[in-house]
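Novice: Questions regarding the structure given below will be posed in turn.
The values are calculated or read from the model by the stated rules, or taken from the named source; none is laboratory data. All values reported here derive from a predicted model rather than from experimental measurement. Note: ideal-geometry Cβ built from the backbone for every residue, glycine included; neighbour counts use all protein chains shown. With ligands, DNA and RNA removed, areas are computed over all heavy atoms of the protein, side chains included. Shrake-Rupley method; radii C 1.70, N 1.55, O 1.52, S 1.80 Å.
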Amino acid sequence: MLIVMKPHATAEQIEAVKQKIQSMGLSAHSIPGAQRVAIGITGNREALEAEQFITMAGVADAVRISQPFKLVSREVKEEDTVIDVGGVLLGGRRIAVMAGPCSVESKEQILEAAAAVKSAGAVILRGGAFKPRTSPYEFQGLREEGLKLLALARERTGLKIVTEIKDTETVPMVAAYADILQVGARNMQNFSLLEKLGSLDKPVLLKRGLSATLKELLMAAEYIVSRGNHRVALCERGIRTFETMTRNTLDINAVPVLKTLSHLPVVVDPSHGIGLRQHVPAIARAGVAAGADALIIEVHPQPDKALSDGHQSLSSAEFATLMKQVEGIARAIQRPLISPVPT
Ligand code: PEP
Ligand code: MN
């Protein structure tokens, strides 16, 4: 249930509502929003009676939330969540582009990639330091050394950094370096990890699981938000279907559906979504046209030498060409790209 307070409700009236919720053994969540003060209630097993709240001073309405995901739903918060990543606004009118290699491989590689993606117009640098690989014999990432190189690239370029958090043990270490923590597809339902991220003050990029439904993705986001971390972005990165010509099938439907069901920003990952370098630009353009708030794209200075996902990574030149096309589409839908800050 969502308790909507009157525009001029006093702090005492708001507190009284929270106290009442807590006295019933339930959780009260303040819903951030410019328009109104609202309090979400979770933890009830049965439907609550609206009357017991509507009669309280300062309460405008008590609304049942029909979806199983509560705090991330549009029903609870009408306006879009805008995540402020150190000045880069994710989920606002403007579209953000995140780009960089699948894995951080060396100082030269990450600095070259960072400079290239920035000059093409990206505002956030991606790069994995802890890599969840299908095979234990494949490159697992440079770990803390990789995080340090990302931090160096940030210092040199001003780009924000997004990197994957693979397990609960490394949360403090990765959080100390990253601007956004990426939860990989394989970890979407790692509930201990989600709970831990819920108590951090750090934006999270939550990737859709390999065969997760949109409801499961939203419920996973609910784990993080219900613990108090409201800065979550959802990422469509392709799902497993019967198709074998492509690595995954990017579910373009997910973009408008998630935007309707939830107020959280939606990010499209065309690289893992199709898994073929040649076709990444088409899917990136489609993502923007469909209403994504951001793109995350794999770019490598020498894709053929990449230690992971080279087959789906764009070269710097291919990325620059794509960015011009994306800019055009973004402008056509009145959602210009966020521009990088000059170095
Ligand atoms: C990645 O971003 O490199 C990655 C491993 O993505 P996913 O978790 O979507 O497979
Ligand atoms: Mn990858």
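Novice: Against the definition (buried (at least 24 other Cβ atoms within 10 Å of the Cβ), modelled with pLDDT of 95 or more and under 20 Å from E298 (Cβ atoms)), how does A220 come out, yes or no?
Specialist: So A220 fails the test.
Novice: Can you spot a residue in the range 232-239 that is farther than 20 Å from R133 by Cα and basic (K, R)?
Specialist: Scanning the range 232-239 turns up no residue that is farther than 20 Å from R133 by Cα and basic (K, R).
Novice: Looking only at the range 164-216, count every residue that is within 16 Å of ligand 1 (Cβ to nearest atom), closer than 22 Å to L261 by Cα, of a type in the set (K, R) and out of contact with any Asp or Glu (no Cβ under 9 Å at 6 or more places or on another chain) and tell me the total.
Specialist: Summing the residues that are within 16 Å of ligand 1 (Cβ to nearest atom), closer than 22 Å to L261 by Cα, of a type in the set (K, R) and out of contact with any Asp or Glu (no Cβ under 9 Å at 6 or more places or on another chain) in the range 164-216 gives 0.
Novice: Ok, one more. Find the residue count for the range 232-260, including only residues that are out of contact with any helix residue (DSSP H, G or I) (no Cβ under 9 Å at 6 or more places or on another chain) and open to solvent by 60 Å² or more (accessible area, probe 1.4 Å).
Specialist: 6
Novice: On the basis of being under 18 Å from Q67 (Cβ atoms) and not aromatic (F, W, Y), does A16 make the cut?
Specialist: Considered against the rule, which asks whether it is under 18 Å from Q67 (Cβ atoms) and not aromatic (F, W, Y), A16 comes out as no.
Novice: Identify, please: which residue in the range 106-155 is among the aromatic types (F, W, Y) and within 15 Å of ligand 2 (Cβ to nearest atom) and is, among those, modelled with the highest pLDDT?
Specialist: Looking at residues that are among the aromatic types (F, W, Y) and within 15 Å of ligand 2 (Cβ to nearest atom), I get F130.
Novice: Ok, one more. Which residues, counting only those in the range 134-177, are more than 19 Å from M98 (Cα to Cα), polar (S, T, N, Q) and in contact with a Phe, Trp or Tyr (Cβ under 9 Å, 6 or more places away or on another chain)?
Specialist: Listed by number, the residues that qualify are Q140, T170.
Novice: For residues that are under 19 Å from S308 (Cα atoms) and within 16 Å of ligand 1 (Cβ to nearest atom), tally how many sit in the range 99-148.
Specialist: Looking only at that region, the number is 31.
Novice: Also: Would you check if A306 is touching a residue at least 60 places away in the same chain (Cβ under 8 Å), within 14 Å of ligand 1 (Cβ to nearest atom) and closer than 22 Å to H263 by Cα?
Specialist: So A306 fails the test.
Novice: Another one. Checking R237 against (1) of a type in the set (D, E, K, R); (2) more than 14 Å from the chain's Cα centre (by Cα); (3) closer than 30 Å to A116 by Cα, which single condition isn't satisfied?
Specialist: For R237, the failing item is (2).
Novice: Which pairs do you get when a residue that is at pLDDT 95 or above, found in the range 17-34, comes within reach of a residue that is open to solvent by 70 Å² or more (accessible area, probe 1.4 Å), reach meaning Cβ atoms under 7 angstrom, with the pair 6+ apart or on two chains?
Specialist: These pairs meet every condition: A28/Q22.
Novice: Looking for something of a type in the set (A, V, I, L, M, F, W, C), within 16 Å of the chain's Cα centre (by Cα) and crowded, with 18+ Cβ neighbours inside 10 Å - is there at least one such residue anywhere in the range 267-275?
Specialist: yes
Novice: Next question. Across the range 95-105, which residue is surrounded by the fewest Cβ atoms within 10 Å (Cβ to Cβ) among those that are assigned to a strand (DSSP E or B) and within 16 Å of ligand 2 (Cβ to nearest atom)?
Specialist: M98
Novice: Among (1) open to solvent by less than 20 Å² (accessible area, probe 1.4 Å); (2) closer than 24 Å to V288 by Cβ, which single condition is V76 missing?
Specialist: Unmet condition: (2).
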